[in-house]
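Everything below concerns the one structure shown next.
Readers should treat all values here as calculations from the given coordinates under stated rules, not as data from a laboratory. As the structure is a prediction and not an experimental result, all values here were calculated from the model. When we count neighbours, we look across all protein chains shown, and the Cβ atoms used for this are built from the backbone with ideal geometry, even at glycine.
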Amino acid sequence: MLDIKSIPAFNDNYIWLIENNQQSCAVVDPGDAKPVLDYLEDNDLALDAILITHHHNDHTGGVAELVRHFPKAQVVGPKNDPVSSLNLSVSGGDQIELFGEVFFVLDLAGHTLGHIGYVGDGKLFCGDVLFSAGCGRVFEGSMAQMHDSLSKLEKLPEETLVYCAHEYTASNVAFALAVEPDNQLLHKYRDEVNRLRAQNHPTLPTTIRQEKWINPFLRVDQPSVMKSVSNRTLKTDPLSIFTALREWKNEF
């Protein structure tokens, strides 16, 4: 299995580094080149590939500089999102090979129209779609698109490790507790998140199983979640519940 390391960037971004055992690696969503270049130098690694999930600058800003240092690196990214520097454009249904492992591409529109994710080797790199105890803001797409994207991720094997692009877990847990104050698994998770952050450790990766237990955006069919948004929508279908939750989170 591939080894994954987190490289912190900006205030709360994670650039994920995927390493094989032969001093080669790939990075996911490098918004800043410097921490990546520092890590590669410190660990004597060569950069073979760059995977991009969407076009926002905090996910792509370091690509040009990394390619300048590693001109042979393959830059993979979404066919339907405006990302420059790509030499391989992909969309849902495509697959790529990375250090002997096959990664499938998922279309995950909502945060942006062309947002994609990569899943393989028991790992999911989902950019700004799914966060632990939360989900991304809907900027370019529709609530229906974001809900559909989360539904795709919810169907992945429960043991799948989820590598989100931001350390938003503590604030997401605070919102999730406002939605489900009696969710005991969520209370336990809050304690674990607080412990990790107090030691300056990442709360990620999470798992699909964990998110089904504690993430309100994956629990829109639960009576406790439906009750919490009953003052915001009279409808009880999953999309309406999701929309009410996301709008509530926007102002939380």
**Prompt:** Using θ = phi - 60° and the Karplus curve 6.51 cos²θ - 1.76 cosθ + 1.60, what whole-Hz ³J(HN,Hα) does each residue of region 247-252 get, with Gly and Pro shown as x?
**Reply:** 5, 5, 4, 4, 9, 5
**Asked** In the structure displayed, which of K155/K212; K5/K188; K123/K249; K123/K212; K79/K249 lie more than 20 Å apart, Cα to Cα?
**Response** K5/K188; K123/K249; K79/K249
**Asked** Can you give the charge dipole size of the chain about its Cα centre, rounded to the nearest 20 debye, using +1 on the beta carbon of Lys and Arg and -1 on the beta carbon of Asp and Glu?
**Response** 760 debye
**Request:** May I ask which residue of F252, A133, V75 lies farthest towards the positive end of the charge dipole of the chain, with charges of +1 (Lys, Arg) and -1 (Asp, Glu) on Cβ and the Cα centre as origin?
**Result:** F252
**Message:** Rounding to the nearest 10 and keeping the result within 0 to 90°, find how far the Cα-based axis of helix 33-42 lies from the longest principal axis of the chain.
**Reply:** 60 degrees
**Prompt:** Once both labels are modelled 7 Å past Cα along the beta-carbon direction, what's the R232-S6 spacing in nm?
**Reply:** 2.6 nm
**Request:** With everything on Cα atoms, drop me the angle between helix 184-198 and the longest principal axis of the chain, reported from 0 to 90° to the nearest 10.
**Result:** 40 degrees
**Item:** Computed FRET value (nearest 0.05) for E140 with N21, which takes r as the C-beta separation and R₀ as 45 Å
**Value:** 0.70
**Prompt:** Given H placed 1.01 Å from N in the peptide plane, which residues other than close sequence neighbours of V90 have an amide H under 5 Å from its amide H?
**Reply:** G77, K79
**Prompt:** Using 1/(1 + (r/R0)^6) with R0 = 51 angstrom and r between the beta carbons of H69 and A170, what's the FRET efficiency to the nearest 0.05?
**Reply:** 0.90
**Complete:** Most packed first (mean Cβ within 10 Å per residue), the peptides 33-40, 129-136 order as 129-136, 33-40
**Asked** Taking the alpha-carbon centroid of each part, what is the distance from region 166-211 to region 79-115 in angstrom?
**Response** 28 Å
**Message:** Give the residue list of trypsin sites (Lys or Arg not before Pro) in region 57-156 that are DSSP loop and have at most 10 other beta-carbon atoms within 10 angstrom.
**Reply:** K72, K155
**Message:** Just to confirm the number: angle between the C-alpha axis of helix 169-179 and the first principal axis of the chain, 0 to 90 degrees, nearest 10?
**Reply:** 20 degrees
